[in-house]
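Colleague: Below: one structure in C-alpha cells.
Nothing in this text is a laboratory measurement; each read-out follows from the coordinates by a stated rule. In this text, all values refer to a predicted model and were calculated from it rather than measured experimentally. All Cβ positions, even for glycine, are placed from backbone atoms using ideal geometry, and neighbour counts span all protein chains on display.
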Amino acid sequence: MLTLHSFLQSVFLFVKSLAVKVKKEQYRTSSVMMAGAVVIAVVAFGASGFGGSGKNALAAPRIQESTEESEEPEEEVISGGSSFVTEAKIQFGLLNTDSESQHLAGALLEQDVREKQRKEAAAQTQIEALQKQILKEKEEEEARRKAEEQRRAARRIQISDEDYQILLRIVQAEAGICDDKGKILVADVIINRVLSKRFPNTVKGVVYQRSQFQPVSNGRINSVKVTPDTIRCVDRALDGEDYSNGALYFMNRQASGRQASWFDSSLTYLFAHGGHEFFK
C-alpha cells in the first residue's frame, strides 16, 4: 500500500509533466485538476485508512462475536452448573423435608398408638374394677340372700292344719282392716311367741292362752270370715317374712283401755303401725 508521501510525489510529477505540454492559458485548468487530484488522493487515503478501520471494525465484531460465542458456552456451563446446584439443593431440601415429614408422621403415629394403648389400658382397668364391683355386689347379695334364707328357715314352725286355721282367724280378727304389713306383723308376733320359751310352743297354745287376745275373750275369733288377702299375708309370715323386730306384744291403745298402762310400764316400746303399737 502506497504511503501518502509517495502518492503526493507521484501526483506532483504527473502535474509537472502536464505543465510542460500545456499552454499558459491552460495552466489554470491544470491547477484545478491538480487540486482535485490532491483532494482525491486525500480522500482515497482517508478511505484506505477508514477501510482499514472498517476492516478492523468488522473484524472486531467477529472477534467479539467469537468471544461471545466462546463465552456463551462458559456462561451456559456456569448457568447449567448453577441450575444443577440449585436443583440439587432443592432435591436435597425435598429429601430433608420428606425425611422430616416421615419422622414427624412416625412420631405422630407412635404418639397415637401410645394414646390408644393408654386409653385401652384405662378402659381395661375400669372394666376390671367394674367386674370386681359387680362380683363383690353379687357376693354380698348372695350373702344377704343366704342370711335371709337362714333367718326365714329359723322362723318356719311346724304347724298343723288346726293351728293354721286358728292363725288365720286371729289375724283376721285383730288386723282385718289393716294393710298387708299390719296383718303380717300380727302373725309375726304369734310366731315369735311360739318360738319363745316364755310362751307355749304351738299356735293354738299361744292364741288361747288366758287373757292374751281380746277376740278370743269375746268370741269374735269364731265369727270372722277370713279373706284371701289375710290368707296370703299369713302364708308370707309363715314363710319367714318378718317386720316385728322381735316384738312379743301388740295393742290397740283405744281398745285396750286401762291395760295400756301395763304395756307402757312393763314392756319396751318398739314402734307403731296400722293402729297397733308393738312391744317386747
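Colleague: Hey, rough spin-label estimate for Glu110 and Lys197, points 7 angstrom out along Cα→Cβ, what's it come to in nanometres?
Modeller: 8.0
Colleague: Give me Ile191, Ile231 sorted ascending by neighbouring Cβ count inside 10 Å, so fewest comes first.
Modeller: Numbers: Ile191 23, Ile231 15.
Final ranking by Cβ density, sparse to dense: Ile231, Ile191.
Colleague: Pairs Lys197/Lys280; Lys138/Lys181; Lys138/Lys280; Lys183/Lys280; Lys204/Lys225; Lys138/Lys183: which are spaced more than 24 Å apart, C-alpha to C-alpha? Let's see the in-between values first.
Modeller: Values: Lys197/Lys280 14 Å; Lys138/Lys181 28 Å; Lys138/Lys280 35 Å; Lys183/Lys280 18 Å; Lys204/Lys225 18 Å; Lys138/Lys183 32 Å.
Over 24 Å apart, Cα to Cα: Lys138/Lys181; Lys138/Lys280; Lys138/Lys183.
Colleague: Right, here's the next one. How much length, in nm to one decimal, is gained on full extension between Lys204 and Ala123, taken as 0.36 nm per residue of separation minus their Cα-Cα distance?
Modeller: Details: separation 81, 0.36 × 81 = 29.16 nm, distance 6.29 nm.
Net length gain for the segment: 22.9 nm.
Colleague: When the Debye formula is applied to the Cα atoms of segment 224-280, each taken as the same point scatterer, what base-10 log of I(q)/I(0) results at q = 0.15, 0.29, 0.31 Å⁻¹?
Modeller: Calculated log10 I(q)/I(0) at the listed q: -0.55, -1.11, -1.17.
Colleague: Give me the distance in nm between label points sitting 7 Å out from Cα along the Cα-to-Cβ direction at Ser211 and Asn252, one decimal.
Modeller: Label-label distance for Ser211 and Asn252, simple model: 2.1 nm.
Colleague: Listed highest first by mean packing, meaning other Cβ atoms within 10 Å per residue, what order do 263-274, 243-254 come in? Write down the numbers at each step before the final one.
Modeller: Working: 263-274: 13.4, 243-254: 17.3.
Ranked from most to least packed, the peptides come out as 243-254, 263-274.
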